[in-house]
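Scroll down for the structure; my scribbles are underneath it.
Bear in mind these aren't lab numbers, they're just calculated from the coordinates by the rules spelled out. Treat the numbers as computed from the prediction; the structure is a model and nothing was measured. A quick note on method: Cβ atoms are made from the backbone with ideal geometry, for glycine too, and the neighbour counts reach across all protein chains shown.
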Amino acid sequence: MNEFVEQLAICVERGKVNKDAPYPPDLKGQDGADELAKKALDQGLKPDTILDGCILGMDRIGTKFSENKAFVPELLMAAKAMTAAMQHLKPYFQSGEVKRKGTFVIGTVAGDLHDIGKNLVAMVAEGGGFEVIDLGNDVSTDKFLAAIKEHPGCIVGMSALLTTTMVNMEGTIKAIKEQYPDTMVIIGGAPVTQSFADKIGADGYSPDPQGAVALLNKKVA
Amino acid sequence: MNIKKISPNTFEIALDYKELVFNVWDLFTILGYSDGASPAHLNETIEQVLAEVPSLCRIRGGYSLYTNVEWHNAKSVRLHHVELALGHIVSRQLAHAEAIAVVICTIGAGLEAWVQTLMSAGDYFKGYIADAVASLTVDLAMEKMQAHVEQEQLSKGNKISNLFSPGYCDWHVSQQQQLFALLPMHFCGVSLTESSLMLPIKSISGIIGLGTDMRKVDSTCRFCDKINCNYRRRLENYLQET
Ligand code: B1M
């Protein structure tokens, strides 16, 4: 089983989606995350092991990314491989046989249309074992509140790319804390800093996706 | 380059993508691979993306010239009743400007829409590369606009400063509202939202100082406090090569 987790983690970390994928060249012709996950289930391995492999692989590439040893393209390839493996888990998530660590609701704040950074955080969080509810861009306070109502106990993430839009986080956090004081809110994006997060009452800030997942893990630990 | 005078002080420029000098190494750098050690299939995807770009870009830019430059104080200037709170860093660079050009440039919304299509279809990898190509394209287009302004000014015996943009140095992004008040409405097809976001997204705005005592430094990154930035690395690479 450990061997399987390690094999899947390698495929995820290196972005080996499936057998046909030519990338990475040194794994050409070998099974990818897709085939490995399917075979594992066919051989009766517990579906949890697939999640473990994905989490391990995403954690490794996420750490490399934080250390500037890997860059966004590699992170995206890893996320693609992870998605290929995770699609086999859908029925198990639905039946409750496999449980995620928690629910992460994420969106780009009102007035802002940038979404690449937010998408990356969403992917890495999914790879980290969380169910991700992506609300998209230009997300109003009401939309965040509605999502929290629909997903009790969720953690909220907000992203912004301009100083003029990051200020909208403050009002949204205030409204969230008024109605759902126990909801954890984390923020990020190019102009955001730890001191800004402290000032507006966010529970956490991270400059990168891996740090965001570390905050989520801390909360659910 | 097609230049149209739309009022005595305003010029609109249309550029063809082919006029831009696209260096693939620049792209590697902004994607993070300043040492060239990129994933094997990156080249292939870049080629696929570059093949689509010319038909998806509509490069437009332009500028309005203001010759009445009134310094309000050490950090703000008034141009035609509009006060620009430039901050100390930009003001210092423009203190001796005899005129100021208010500039914008965009590549339109076509490429951005394609990025969205790729992303929605789950092709994040290609989508991200296309997004980076779009960002680089508008940067290169703005460089062309600056070069044009410089040529024009040289012929009058003037020099130009660097381009300074709201949101950089200590000039707040909210000042985009003032900057846009100095340009015709929807100039070059660019509009500004209440939150000071330009639409299309792949657009750049700024001002350039003009005059006999203007100076252009190698890179405005030296005025910026964002150290961990791939765009800074791109400029540093360029400066090392030249
Ligand atoms: C929930 O928890 C979390 C945790 C982590 C989270 C998170 C949430 N969300 C994000 N993260 C984090 O994880 C992601 C992965 O690492 C990261 O997400 P990002 O979204 O930050 O990163 C993306 C994956 C890649 N990064 C990017 O795409 C942005 C890179 C930089 C260089 C940048 C670029 C490329 C561009 N820009 Co401009 N641009 C800059 C950027 C400087 C920088 N180095 O960050 C920034 C964002 N830009 C800025 C500015 C000012 C502007 N830009 C402008 C234009 C442009 C280009 C068109 C040239 C281009 C494209 C922009 C785009 N996104 O489409 C203008 C605005 C455009 C508009 N439409 O209104 C303009 C206003 C300049 C002007 N006057 O023309 C600055 C904003 C700061 C501010 N003062 O508000 C800026 C930080 C540069 C700077 N040195 O100050 C992290 O932030």
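Kindly identify the range A:1-131 as rounded, prolate or oblate by the Cα gyration tensor criterion: order the square roots of the eigenvalues as a ≥ b ≥ c, call it rounded if a/c is under 1.5, otherwise compare a/b with b/c, prolate if a/b is larger, else oblate. Oblate. Normalised by the number of residues in chain B, the mean separation of alpha-carbon contacts (under 8 Å, six or more apart) gives a relative contact order of 24 percent. The simple spin-label model puts a point 7 Å past each Cα toward its Cβ; for B:His172 and B:Glu44 those points are separated by 5.0 nm. For A:Gly157, the residues 5 or more places off, or on other chains, whose built amide H falls under 5 Å of its own are A:Val105, A:Ile106, A:Gly107, A:Ile186. Over chain A, calculate the relative contact order: mean separation of alpha carbon pairs under 8 Å at least 6 apart, over the residue count, as a percent. With pairs under 8 Å counted, the relative contact order is 17 percent.
Rounded to the nearest 500 deg cm²/dmol, what is the calculated helix-only ellipticity per residue at 222 nm for chain A, with -39500 (n - 2.57) per DSSP H run of length n ≥ 4? Write out the running numbers ahead of the final one.
Values: 11 runs with 121 residues, N = 221.
Taken over chain A, the calculation gives -16500 deg cm²/dmol.
Classify the range A:98-221 as rounded, prolate or oblate, taking a ≥ b ≥ c as the square roots of the eigenvalues of its Cα gyration tensor: rounded when a/c is under 1.5, otherwise prolate if a/b is larger than b/c and oblate if not. Verdict is rounded for the range A:98-221. Estimated at 0.36 nm per residue, the fully extended path between B:Glu98 and B:His80 surpasses their Cα-Cα distance by 5.1 nm.
Of B:Cys57, B:Cys105, B:Cys229, the residue with the greatest mean-square motion in the GNM of chain B, using alpha carbon springs below 10 Å, is B:Cys229.
Can you give the FRET efficiency for B:Lys4 and A:Gln94, using 1/(1 + (r/R0)^6), R0 = 56 Å, r = Cβ-Cβ distance, to the nearest 0.05? Can you show the working numbers first?
Values: r = 59 Å, r/R0 = 1.06.
Here the calculated transfer efficiency is 0.40.
Taking amide hydrogens as placed 1.01 Å from N in the peptide plane, the amide H of B:Asp170 sits under 5 Å from those of B:Ile89, B:Val90, each at least 5 positions away in sequence or on another chain.
With 0.36 nm allotted per residue and the present C-alpha distance subtracted, the B:Asp16-B:Glu143 stretch has 44.4 nm of extension available.
Which value does Rg/Rh take for the range B:31-123 over its C-alpha atoms, Rh per Kirkwood? Let's see the in-between values first.
Details: Rg = 20.9 Å, Rh = 17.3 Å.
Over the Cα atoms of the range B:31-123, Rg/Rh equals 1.21.
Report the GluC sites (Glu not before Pro) located in the range A:28-132 that are in a DSSP loop and have at most 12 other Cβ atoms inside 10 Å of their Cβ, or state none. Within the range A:28-132, the qualifying GluC sites (Glu not before Pro) (loop, at most 12 other Cβ atoms within 10 Å) are A:Glu67, A:Glu97. Sites counted here are trypsin sites (Lys or Arg not before Pro) in a DSSP loop (not H, G, I, E or B) having no more than 13 other Cβ atoms within 10 Å; the longest part of chain B that contains none of them is B:1-155. Here is how the number arises for chain B: DSSP H runs of 4 or more residues each give -39500 (n - 2.57), the sum is divided by the residue count, and the result at 222 nm is -12000 deg cm²/dmol.
Rounded to the nearest 20, the size of the Cβ-charge dipole of the protein assembly as shown about its Cα centre is 580 debye, with Lys and Arg at +1 and Asp and Glu at -1.
Spin-label pair A:Glu67-A:Lys199: with each label point 7 Å from Cα along the Cα-Cβ axis, the two points sit 3.4 nm from one another.
Axis angle, to the nearest 10 degrees, between helix A:168-179 and the longest C-alpha principal axis of chain A: 90 degrees.
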